[in-house]
Structures are given as structure tokens and as C-alpha cells.
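This report refers to the structure that appears directly beneath it.
The values are calculated or read from the model by the stated rules, or taken from the named source; none is laboratory data. Since the model is a prediction, treat every value here as computed from it, not as a measurement. A quick note on method: Cβ atoms are made from the backbone with ideal geometry, for glycine too, and the neighbour counts reach across all protein chains shown.
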Amino acid sequence: MRRIQTWEFKLSILILIIVSFIVPANIRQNGTLIVYNFGFPCEYWSIYQGNKGSSQLFSNLFNGNKGMMINILGLFANVFIIYALLVVIKKIYIKIKTK
């Protein structure tokens, strides 16, 4: 619980949300549906559309989607990867600052 309350964890969740809205989707054709997969580095949010639309998350959320799927494991993997990178950057920064 202590690690969840750190600023690195909160910042990693914020970065994940921002990156989801900025980075375009990975688009796949699944029969008659078009699947937009969001998330970086792991895909965690899939939006199913009948017609081809924008590759940005915001427009796909509100324009004619047929359904959504959120992969919890992918979400936690993204948060963990970003959290680990932030901790490493913090340690490097502290090591450089103390020299």
C-alpha cells in the first residue's frame, strides 16, 4: 500500500492516461469490425467500431463504437513499466545530484 501512495505511482498512472490519448491506435480488421487497440507499451484498451474512424482515443470513445474491452493485466503492466522507469530515473538523478 505504501508504494501505491508514492508520487511515482500517481505520476505513472497520469502518464499512462495522457499517452493513451496522444499515441494513435493500432488498427486491426476483425471480420466486419475494426478494432482500435490503445496503450503503450502494452495494449490494454480495445474499441470495436463498425465503420473506419479516427485512430485517436477521444473520438473513438464517443463516435459510434460497438463495444470496448479493457485488459486489466495490460493496464497493470503499463503502470508497472512506467513506474519502474520513473524509479530508475529518480535514482539516477539522485546519484548525479549528490556527486
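Working only within segment 43-67, note down all residues that are in a helix (DSSP H, G or I) and either touching a residue at least 60 places away in the same chain (Cβ under 8 Å) or polar (S, T, N, Q) (or both).
Correct list: SER59, ASN60.
Can you name the residue in segment 64-99 that is under 22 Å from ILE18 (Cβ atoms) and of a type outside the set (A, V, I, L, M, F, W, C) and, of all such residues, is surrounded by the most Cβ atoms within 10 Å (Cβ to Cβ)?
Only one residue tops the list, namely ASN78.
On the given criteria, is ILE18 surrounded by fewer than 12 Cβ atoms within 10 Å (Cβ to Cβ) and under 10 Å from the mean Cα position of the chain (by Cα)? Steps first, answer last, please.
Details: surrounded by fewer than 12 Cβ atoms within 10 Å (Cβ to Cβ): yes; under 10 Å from the mean Cα position of the chain (by Cα): yes.
So ILE18 passes the test.
Here's the yes/no breakdown for (1) assigned to a loop (DSSP other than H, G, I, E, B); (2) modelled with pLDDT of 85 or more; (3) touching a Phe, Trp or Tyr at 6+ places or on another chain (Cβ under 6 Å):
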site: PHE9; (1), (2), (3): no, yes, yes
site: ILE13; (1), (2), (3): no, yes, no
site: LEU16; (1), (2), (3): no, yes, no
site: VAL19; (1), (2), (3): no, yes, yes
site: ASN37; (1), (2), (3): no, yes, no
site: PHE40; (1), (2), (3): yes, no, no
site: MET69; (1), (2), (3): no, yes, no
site: PHE76; (1), (2), (3): no, yes, no
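Keeping to segment 1-52, report how many residues are on the phi < 0 side of the Ramachandran plot and in contact with a strand residue (DSSP E or B) (Cβ under 8 Å, 6 or more places away or on another chain).
Adding up the residues that qualify gives 24.
May I ask you to verify whether ASN51 is at pLDDT below 85, surrounded by fewer than 13 Cβ atoms within 10 Å (Cβ to Cβ), in contact with a Phe, Trp or Tyr (Cβ under 8 Å, 6 or more places away or on another chain) and not hydrophobic (A, V, I, L, M, F, W, C)? It would help to see each step written out before you state the result.
Values: at pLDDT below 85: yes; surrounded by fewer than 13 Cβ atoms within 10 Å (Cβ to Cβ): yes; in contact with a Phe, Trp or Tyr (Cβ under 8 Å, 6 or more places away or on another chain): no; not hydrophobic (A, V, I, L, M, F, W, C): yes.
For ASN51, the condition - at pLDDT below 85, surrounded by fewer than 13 Cβ atoms within 10 Å (Cβ to Cβ), in contact with a Phe, Trp or Tyr (Cβ under 8 Å, 6 or more places away or on another chain) and not hydrophobic (A, V, I, L, M, F, W, C) - is not met.
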